[in-house]
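The values are calculated or read from the model by the stated rules, or taken from the named source; none is laboratory data. What you see is a predicted model, and the numbers here were worked out from it, not measured in a lab. Because the Cβ atoms are built from the backbone with ideal geometry, glycine has one as well, and the counts that use them run over all protein chains shown. Quick note on the areas: whole protein, heavy atoms, side chains included, nothing else; ligands and nucleic acids left out. Shrake-Rupley method; radii C 1.70, N 1.55, O 1.52, S 1.80 Å.
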Amino acid sequence: MKISVKDVTREIKGNIILNNINLEFESGKIYCLCGHNGSGKTMLLRAIAGLIRIDQGEISIDHKILHKDMDYPPEMGLIIETPSFFKYYTGMENLLYLAEIRDKISKQDIIETLKRVGLDPHDQRTVAKYSLGMKQRLAIAQAIMEKPDLILLDEPTNALDQDAIIQFKNIITEEKRRNACIIIATHNQQDIDELFDEKIYLNSGKVERVEKND
Amino acid sequence: MYYKFITKNKGILIKIIALIALSFILKYISHRNFLPDSLLGTYQMYMGGTFLEESTSILQIISLLLISVLFIYFIPYEIVKEIKENEIYIKYRFEKNTKILLFFAIKNVFYSLFYQLIQILIIAFITFQFHPIQIIGGELIKLLITSTMQLLIILFISEFFLYYMKFEIGMVFSLLVIVSPIIITGIVFHNSPSYLELCKYIPFNHGNYNYYYVSKYTFYGTSITYSVFPHYKYVFSFICQMIELVISVVGLMCIINRKDLLGGNYEN
């Protein structure tokens, strides 16, 4: 999979939130979008995910242009902002509901994924009773359960304790080995710094610099 | 795959039954316990819409508003809420916005048909307690098609408003679509009856007056529900409703397609 972001610009209410961004991403690598709040990293992630339209430029995945040839990238897993699930369903029920949309995985796959992220598949508590850390784990589970080719994660280590961060690092390393393209937006990269093949620093919607880990 | 989503929210089915029962009770009380002698007649009187002469009655309007608010809250709001509560995770999994529209469409068709089925069963049960069995097949089918189309149009239009706007504003606009044609028609009927014919051109009005055999104002009922051209009586209504349905569906599709999921401080 190859993702190409060309001359991408987006303005919202008079603010330029993405300013002539040019980047490329490919399978089997982990990218970090770094920057302080308001730098544009989340919006760039949303643009790549097809959740927002862009004013100028184009985003293409394997030469297919977003919002022209497709509405959303195929085979994508995503965490954006605060995870939201059906409050009165359990974690398992939430993932079953979501899995039925693509209908690609079985109940057993979901059970395995929940165990991978450190959640109990037989937990009868509804998501309304989950802690923030548990909701974040559930969000990671929904992003990876269908073994997507593209994984976009916005602040994935929010509310995770140290054990959970270690678990997360293992998961991401496994996904990279599976040849997924992984893009992580975070302002707190020190916890997971060693994972990244490339770090892209954003400031006021522009790419400030790119550091590659050779 | 999609059939699984229909059966997820069983609460909607129970709410539909309760709503139909309430609607019937309100009409039964206001029509002084009168039951016509056929299934068609009973359906028209109790579920066929509003009586023209009652269109400006405060009690009838309040009753209509109550039923409409509950209808919108129980069905289209629940459908939109299901998507919105988990919008990002659901939308990207569909991969195409047309599939999301299909999600809405299948639910709307299912709930409309369920609504009609329950109505017919309740009315048949009640009518046949008191009268011998009498069904006027062809007319009943036309009436069912008209009223089902009306349900579908209301569902799509309400979902358009509720998906695009905040709940309270979406509810107001949805109610305007349902209630204002009836009020306008009532005002015209009471003040300028010679212009009543034009009321059949008011958008979303075709499913509102289906009682023409029962009401004493048969002439006006006929002229609203059907075209003045004999060869196009029923077809005229049907075509108008098809156009309204297409507009509603296209409107919802445009909103699904265009809505940016900005999140955070940028969200409307």
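Answer yes or no: is there a residue in segment A:179-195 that is closer than 17 Å to A:K29 by Cβ, acidic (D, E) and assigned to a helix (DSSP H, G or I).
So in segment A:179-195, the residues closer than 17 Å to A:K29 by Cβ come out as A:179-186, A:189, A:192-195.
Among the residues that remain, those that are also acidic (D, E) are: A:193-194.
From what's left, assigned to a helix (DSSP H, G or I): A:193-194.
Yes, segment A:179-195 has at least one match.
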Note: among A:L152, A:L160, just one is in contact with a strand residue (DSSP E or B) (Cβ under 8 Å, 6 or more places away or on another chain) and within 30 Å of A:N188 (Cα to Cα), namely A:L152
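Every residue, every condition in (1) within 14 Å of chain A (Cβ to nearest Cβ); (2) open to solvent by 20 Å² or more (accessible area, probe 1.4 Å); (3) not charged (D, E, K, R), yes or no:
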{"residue": "B:K142", "(1), (2), (3)": "no, yes, no"}
{"residue": "B:S158", "(1), (2), (3)": "no, no, yes"}
{"residue": "B:M165", "(1), (2), (3)": "no, yes, yes"}
{"residue": "B:I169", "(1), (2), (3)": "no, yes, yes"}
Within segment B:92-101, restricting to residues that are in a helix (DSSP H, G or I) and either within 7 Å of another protein chain (Cβ to nearest Cβ) or of a type in the set (A, V, I, L, M) (or both), the one that is most open to solvent (accessible area, probe 1.4 Å) is B:L101
Subset of segment B:102-115, residues open to solvent by 10 Å² or more (accessible area, probe 1.4 Å) and either over 19 Å from the mean Cα position of the chain (by Cα) or closer than 22 Å to B:Y43 by Cα (or both), comes to B:L102, B:V109, B:F110, B:L113, B:F114, B:Y115
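Could you tell me which residue of segment B:1-33 is modelled with the highest pLDDT, considering only residues that are in a loop (DSSP other than H, G, I, E, B) and farther than 27 Å from B:P193 by Cα?
B:N9
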Of the candidates A:I192, A:I183, the one satisfying the condition of being aliphatic (A, V, I, L, M), touching a Leu at 6+ places or on another chain (Cβ under 8 Å) and open to solvent by less than 50 Å² (accessible area, probe 1.4 Å) is A:I183
Looking across segment A:14-66 at residues that are over 18 Å from A:M1 (Cβ atoms) and free of Cβ contacts under 8 Å to residues at least 40 places away in the same chain, the single one that is most open to solvent (accessible area, probe 1.4 Å) is A:N15
Of those in segment B:80-91 that are out of contact with any Asp or Glu (no Cβ under 6 Å at 6 or more places or on another chain) and touching a residue at least 24 places away in the same chain (Cβ under 8 Å), the residue surrounded by the fewest Cβ atoms within 10 Å (Cβ to Cβ) is B:K84
Subset of segment A:67-104, residues at the interface with another protein chain (Cβ under 7 Å from one of its Cβ atoms), under 17 Å from A:Y130 (Cα atoms) and open to solvent by 40 Å² or more (accessible area, probe 1.4 Å), comes to A:E81, A:S84
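The rows are residues; the columns are (1) open to solvent by 30 Å² or more (accessible area, probe 1.4 Å); (2) in contact with a Leu (Cβ under 6 Å, 6 or more places away or on another chain).
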residue: A:R125; (1), (2): yes, no
residue: A:L138; (1), (2): no, no
residue: A:E146; (1), (2): no, no
residue: A:D149; (1), (2): yes, no
residue: A:L152; (1), (2): no, yes
residue: A:T157; (1), (2): no, no
residue: A:I165; (1), (2): no, no
residue: A:T173; (1), (2): yes, no
For B:G137, indicate whether it is small (G, A, S), touching a helix residue (DSSP H, G or I) at 6+ places or on another chain (Cβ under 8 Å) and modelled with pLDDT under 85.
no
